[in-house]
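I have placed the structure first, in the form of structure tokens, so that the comments after it can refer back to it.
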Amino acid sequence: MKAMVLNQTAPIETKPLKLTNVDIPTVGTNEVLMKITACGVCRSNLHLIEGDWLKYGIPPKLPIIPGHEIVGIVESVGNDVSTFAKGERIGIQPLYNACRHCDYCLTGREHLCDARQITGDTEDGGYAEYLKVPSDFAYKIPDSIDDLHAAPLFCPGVTAYRAVKRADLAPGKTVAVFGIGGVGHLALQIAKLYGARVIAVTRSKMHLDLASKLGADTVISPVEEDVVQSMQKMGFVDSAIIFAPAKEAISQAVQSVKKGGTIVMGVFGSIGDEFMFVDEKVIKGSVIGSRKDMKEVLALAADGSIEVVCEKHPLSDANEVLAKLKTSKIEARAVLMP
């Protein structure tokens, strides 16, 4: 099969992903082989490829095939698989596998399992024509969602969903979403489902326009106005959710939240010196989501509650697509289709 393989981390401008012929994986007794029809392109793929996260041990191995938001058709199943059959459409999220026995797994938080495996990180991912996956970590895709729009549900969808759940929203509350891209454009919509007032903070006009189109109550550009002063005039916010991987955005988010409010971090970053413990603000991390979260996201998308904004590209253009993402030229989500 053909796959875009990373042999060595390097700037995306050098085109480090190489289109390579590799063997089609052989499935084990509890695994499923899928023929990939779509794979979303995530900014974390870019960080992995360029070596930004080497200090965190990512990628843990090379070579690696990136890609962790994947849709495809079941090609074959292992002898012990009874949940899927050949020809069914399935999706895969970043959570590739977990131990299933630790406290995290037994309490529905398998995405925090110390032994978890991550698609396109510890295991080969979806920038390819085929992928094998544990059947317990695959998901049936509702018929009402096509492959192109289904793929982004399996990372930005579940990531946005869990972050919003952790933001303690309710009707009458206000939340600021920092970073309106692949994840942020879905977080905005999910926050609206809670009845919250949503303020979108993002730099480019393209993303400001996208936020307005998707129902943001207020949009703020850090390029054109002082974010914290603008928030102060509005009475600050109850919660902030951060998807913009920038120190400035994190600082603005922390300062924009009311006393006793909640800050949800969806990126690596430093809180900085401005955190005042006397304000009793609560900081939470949020990473991908559990299997239950993933199923709930699919249900929301199936009934039309959220709109995935995306564009399609051929698999062989992965380097070029990631370069566009790096320079903020992707409106929301790019999807590779072999």
> Among the residues of the stretch 65-78, which ones are of a type in the set (D, E) and either open to solvent by less than 10 Å² (accessible area, probe 1.4 Å) or modelled with pLDDT under 95 (or both)?
Replying inline: E69
> Quick one: is D103 open to solvent by 70 Å² or more (accessible area, probe 1.4 Å), under 19 Å from S135 (Cα atoms) and of a type in the set (D, E, K, R)?
Replying inline: no
>> As an exercise: evaluate K205 against (1) in contact with a helix residue (DSSP H, G or I) (Cβ under 9 Å, 6 or more places away or on another chain); (2) at pLDDT below 95 and give the number of the one condition it does not meet.
In response: (1)
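State which residue is most open to solvent (accessible area, probe 1.4 Å) when the search covers only the stretch 32-48 and only residues that are within 16 Å of H313 (Cβ to Cβ) and touching a helix residue (DSSP H, G or I) at 6+ places or on another chain (Cβ under 7 Å).
Filtering the stretch 32-48 for residues within 16 Å of H313 (Cβ to Cβ) gives 36-43, 45-46.
Within this subset, residues satisfying the condition of being touching a helix residue (DSSP H, G or I) at 6+ places or on another chain (Cβ under 7 Å) are 37-41, 43, 45-46.
Values: T37: 35, A38: 0, C39: 1, G40: 0, V41: 4, R43: 73, N45: 7, L46: 5 Å².
Looking at residues that are within 16 Å of H313 (Cβ to Cβ) and touching a helix residue (DSSP H, G or I) at 6+ places or on another chain (Cβ under 7 Å), I get R43.
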> What number of residues in the stretch 210-243 are open to solvent by 70 Å² or more (accessible area, probe 1.4 Å) and modelled with pLDDT of 95 or more?
Replying inline: 2
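If a residue counts only when it is more than 21 Å from V267 (Cα to Cα) and over 22 Å from the mean Cα position of the chain (by Cα), which strands (runs of 3 or more DSSP E) contained entirely in the stretch 1-81 have at least 2 such residues? Quick ask: steps written out before the conclusion?
Working: elements: 2-6, 17-21, 31-41, 70-77.
The strands (runs of 3 or more DSSP E) meeting that bar are 17-21, 31-41, 70-77.
Can you find even one residue in the stretch 270-277 that is aromatic (F, W, Y) and without any contact (Cβ under 8 Å) to a residue 12 or more places away in the chain?
Just the residues of the stretch 270-277 that are aromatic (F, W, Y), to begin with: 275, 277.
Cutting the leftovers down to without any contact (Cβ under 8 Å) to a residue 12 or more places away in the chain gives us 277.
Yes, that holds for at least one residue.
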> When S135 is evaluated against the numbered criteria (1) of a type in the set (S, T, N, Q); (2) over 18 Å from the mean Cα position of the chain (by Cα); (3) more than 23 Å from N79 (Cα to Cα), which criterion, by number, is the only one it fails?
Replying inline: (3)
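May I ask you to list the residues in the stretch 185-201 that are open to solvent by less than 30 Å² (accessible area, probe 1.4 Å) and under 17 Å from T174 (Cβ atoms)? Steps first, answer last, please.
Filtering the stretch 185-201 for residues open to solvent by less than 30 Å² (accessible area, probe 1.4 Å) gives 185-191, 196, 198-201.
The answer is A187, L188, Q189, I190, A191, A196, V198, I199, A200, V201.
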>> If I go through the stretch 111-133 residue by residue, how many of them are touching a residue at least 40 places away in the same chain (Cβ under 8 Å) and open to solvent by less than 10 Å² (accessible area, probe 1.4 Å)?
In response: 9
> Of the residues F178, F137, which single one is aromatic (F, W, Y) and surrounded by fewer than 24 Cβ atoms within 10 Å (Cβ to Cβ)?
Replying inline: F137
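Going by the structure shown, is Y161 out of contact with any Lys or Arg (no Cβ under 9 Å at 6 or more places or on another chain) and buried (at least 16 other Cβ atoms within 10 Å of the Cβ)? Let's see the steps before the verdict.
Details: out of contact with any Lys or Arg (no Cβ under 9 Å at 6 or more places or on another chain): yes; buried (at least 16 other Cβ atoms within 10 Å of the Cβ): yes.
Criteria met by Y161.
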>> Tell me whether the stretch 144-152 contains one or more residues that are open to solvent by 60 Å² or more (accessible area, probe 1.4 Å), modelled with pLDDT of 95 or more and either part of a helix (DSSP H, G or I) or within 22 Å of L46 (Cβ to Cβ) (or both).
In response: yes
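Pick out the one residue from K281, K312, K326 that is in contact (Cβ under 8 Å) with a residue 24 or more places away in the chain and either closer than 29 Å to E110 by Cα or among the polar types (S, T, N, Q) (or both).
On the way: K312 fails: either closer than 29 Å to E110 by Cα or among the polar types (S, T, N, Q) (or both); K326 fails: either closer than 29 Å to E110 by Cα or among the polar types (S, T, N, Q) (or both).
Answer to the selection: K281.
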> For the stretch 286-311, how many residues are more than 13 Å from C155 (Cα to Cα) and within 13 Å of the chain's Cα centre (by Cα)?
Replying inline: 0
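Filter the stretch 79-97 down to residues that are touching a residue at least 24 places away in the same chain (Cβ under 8 Å) and open to solvent by 10 Å² or more (accessible area, probe 1.4 Å), then give me how many there are. Let's see the steps before the verdict.
As a first pass, look at the stretch 79-97 and keep what is touching a residue at least 24 places away in the same chain (Cβ under 8 Å): 79-81, 83-84, 88-97.
Next, only the ones that are open to solvent by 10 Å² or more (accessible area, probe 1.4 Å) stay: 79-81, 83-84, 88-89, 96-97.
The number of residues fulfilling the criteria is 9.
The values are calculated or read from the model by the stated rules, or taken from the named source; none is laboratory data. Predicted model only: the values in this text are computed from it and were never measured. Because the Cβ atoms are built from the backbone with ideal geometry, glycine has one as well, and the counts that use them run over all protein chains shown. All accessible areas refer to the heavy atoms of the entire protein, side chains included, with ligands and DNA or RNA removed. Shrake-Rupley method; radii C 1.70, N 1.55, O 1.52, S 1.80 Å.
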